[in-house]
Amino acid sequence: MLCAPLLRAGVPKTPVWSLGITLALVQRLGSALGSREEPEFVTARAGESVVLGCDVIHPLTGQPPPYVVEWFKFGVPIPIFIKFGFYPPHVDPEYAGRASLHDKASLRIEQVRSEDQGWYECKVLMLDQQYDTFHNGSWVHLTVNAPPTFTETPPQYVEAKEGSSVTLTCMAFGNPKPIVTWLREGDLLGANGKYQVSDGSLTVLSVSREDRGAYTCRAYSIQGEAVHTTRLLVQGPPFIVSPPENITVNISQDALFTCQAEAYPGNLTYLWYWEEENVYFKNDLKLRVRILIDGTLIIFRVKPEDAGKYTCIPSNSLGRSPSASAYLTVQYPARVVNMPPIIYVPIGIHGYIRCPVEAEPPVTLVKWNKDGRPLRIEKYSGWNLLEDGSIRIEEATEDALGTYTCVPYNALGTMGQSPPARLVLKDPPYFTVLPGWEYRQEAGRELLIPCAAAGDPFPIIAWRKVPGLPDKSAVPLIRSLGKDDHGEWECVATNIVASITASTHLTVVGTSPHAPTSVHVVAAMTSANVSWEPGYDGGYEQTFSVWYGPLMKRAQFGPHDWLSLPVPAGSSWLLVDTLEPETAYQFSVLAQNKLGSPVLALPHLRGVPVPSALSPAFPVTTPEPLVLVTPPRCLTANRTQQGVLLSWLPPANHSFPIDRYIMEFRVAEKWEILDDGIPGSESEFFAKDLSQDTWYEFRVLAVMQDLISEPSNVAGVSSTGEGWLLLSPWLWGCELGSGGCRAVMDVPNTALTPGCLPTGAGEDKSPEHCRAQHAPALR
């Protein structure tokens, strides 16, 4: 019977993973117990087959005795494989179906695994003779190279709420040990403010909608690579990817607004609003609208009343829903709406006959009929047809009485004539009590300003501050006065006939000063002249100070960023002369009196312990240091057989080299560019292909860096006769003399006009001056 495998003394039963330590152990065993072969090193790739060699040494004489083959794996206390004769082998469960005897004693392992790597010992035991069992057998080290394989990966889909953080873990095994990285859309992710990467784990911080998408884990080594992709789904409110756009349709057509949104989860619902009202709650519209599942809004058979703002709001019950708006414009022929049956025109003052029109596009024409016949407005003195189609009557008389109809038109036509309206003359309202021209009262006190009117029908009284909208008060103005009440006021009396106004000025005494207005800044290199119009002083003497600071520190403004300068008494301007060149500043003017006001809550002056009034900040930039480029000089035009040769001298002053010249010409009033790329080193240009029978004028400009000079003098030429050029042309130019450039002209066979002298004689004259005098001779 086969006995249990023999365990050799001195062989440790616990793993020793260091190759050096293991080899030293084998060498010590070999030297102590007998001669052994050198260990064998075998390398295999995971999934392949490998043979671990082992030799059997038989006796020199006789038949080979029966023997037992044992294979141990270092670190495993019992043999992993035992074979005796024809009996079935005993195989460790980890090697079942994969281990078999090869040749006499070698071990064949199929489908090699990464965990098969390690030291193996083969032992051959002769059963009928006394042999040193260590004489037969050998040590083999198996190295298993394996491509990366994942031992842990995140799910295919991972959900995360917007604003939270999520970690994706990816672990891989292989030999050699693989490197694990994370990629998004092909880009390698590293540790930053958005991502944290450590030991194969990726953490996405503060998840937002932009973080959604595919994340790829890649494990790689020299043996290969493995990849795994996970999609991050961000739970949050919808995001509108295709907002609605403004549309214009004609009346009775269908209108369609698209609104597409994305969200996770995708259980989207869409609401549509007209102005601030749900389209399904709006009378007349609710029966003609439909919202499709993709958010599209359809409005059937649109009417003019459907025009306006439409707002799409997608929702998935998470977070705050976004919104997007667009406008519907409904085009329709001009139409009259709410034409009154009676038109009241005031007696003694101007009045209007109005045609209340709605139209899209706007009205282009209004035709009027009076008493059934076309109205000829030009026959009525003081009558004018206004742009909106209304008739303005300077002073109505009985000639205006009658029945009126109007027909408005636009680009699409008209919807027809208005209902008839009868014109009635009526006295306008009139004031029975007028407010005074001016009132003065202390702040905090009450003031009664009288105003009363009468008329038929009785007028309504309202007050309004100028500029401003009517006050709702229908009684004379009664107020507890404050600083804001200072200024112009109007009493308005209105009835169906007309509105009349009466004005008064209210001075509120005992307040802080009013802010200066019309602040103006003129900047120089290192200074700025600040001027302003003083506001009302509040009833007390006021003083001013100018505050200024660099504009680029706007986001961090504090009191220390600003400087202030006092303004001499009685002055409304100040020169600030401590500025830096090429620096943007802003200026404010503060007014204060003995009362002052609470500290202003402006970001750039918060905390300044000066009760004051402040004008709006005025930004200005100091100019760059002066850079000069004067015009080119002495432009002349000389005739040749091929064209006109234009010559000039460079500018007398230029801070930097001239980059290029621009040659311009004109045949009428407008100057046009002939060539804008003449090199700066050139001083001549050849003008060809001029039109016949045409007067040409030329001028040249210099370009230095980004600066363009003023134009040079003008040189003129006329092309008449055969070919393209006048045989006796008038060539204008100039010559450099002791007094600078002098006008020169060459007019063959033409007498010179007095005052337009040859070179070196008399007074300089402009080309325009002489051209005007010689033009008749050249026509």
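Some notes on this structure:
- Here the spin labels are modelled as points 7 Å beyond Cα on the Cα-Cβ line, and at W437 and E94 they lie 11.5 nm apart.
- Packing order of peptides 149-157, 484-492, highest average first: 484-492, 149-157 (average count of other Cβ atoms within 10 Å over each peptide's residues).
- All lysines inside 23 Å of K123 as judged from Cα atoms, apart from same-chain residues fewer than 8 positions distant: K13, K73, K83, K104
- For segment 693-705, Karplus couplings with θ = phi - 60° (6.51, -1.76, 1.60), whole Hz, Gly/Pro x: 6, 9, 8, 10, 10, 10, 8, 10, 10, 9, 10, 10, 6
- Remark on I349: its backbone amide H falls under 5 Å from those of A396, a criterion applied only to residues 5 or more positions apart or on other chains, H modelled at 1.01 Å from N.
- In this simple spin-label approximation, L563 and K286 carry label points 7 Å from Cα along the Cα→Cβ vector, and these lie 6.8 nm apart.
- FRET efficiency, F686 to L649 (Cβ-Cβ, R0 22 Å, nearest 0.05): 0.80
- Modelled FRET efficiency - R0 60 Å, E38 with V227, Cβ distances, 0.05 increments: 0.90
- Between the beta carbons of L595 and T501, assuming R0 = 45 Å, the FRET efficiency works out to 0.85 to the nearest 0.05.
- Inter-label distance, nm, simple model (7 Å from Cα along the C-beta direction), V337/V466: 3.2
- 3J(HN,Hα) couplings calculated from phi for segment 508-517 with the Karplus curve 6.51 cos²θ - 1.76 cosθ + 1.60 (θ = phi - 60°) are, in sequence order, 9, 9, x, 10, 5, x, 7, 4, x, 10 Hz; Gly and Pro show x.
- Spin-label proximity, T149 to segment 38-53 - amide N less than 17 Å from point 7 Å beyond Cα toward beta carbon: 44-50
- Annotation: peptides 242-250, 295-303, ranked by per-residue average of other Cβ atoms within 10 Å with the highest first, follow the order 295-303, 242-250.
- Formal net charge of residues neighbouring T517 (Cβ-Cβ distance under 14 Å; K, R +1; D, E -1): -2
- Neighbourhood net charge (11 Å Cβ-Cβ; Lys/Arg +1, Asp/Glu -1) for I298: +2
- Chain lengthening between D399 and N278 when straightened (0.36 nm per residue, less Cα-Cα): 38.4 nm
- Between T269 and D371, residue separation times 0.36 nm minus the direct Cα-Cα distance comes to 30.9 nm.
- Between the amide H of L168 and those of L202, T203, V204, distances stay under 5 Å, these residues lying 5 or more places away or on another chain, with hydrogens modeled in the peptide plane.
- Positive minus negative residues near G163 (Lys, Arg vs Asp, Glu; Cβ under 15 Å): +1
- Extension gain, V424 back to A452 (0.36 nm per residue minus Cα-Cα distance, nm): 7.6 nm
Every number in this text was worked out from the coordinates using simple rules, so none of it is lab data. Small disclaimer: the values here were computed from a predicted structure and weren't measured. Cβ sites come from the backbone with ideal geometry, for glycine too, and all protein chains shown count toward neighbours.
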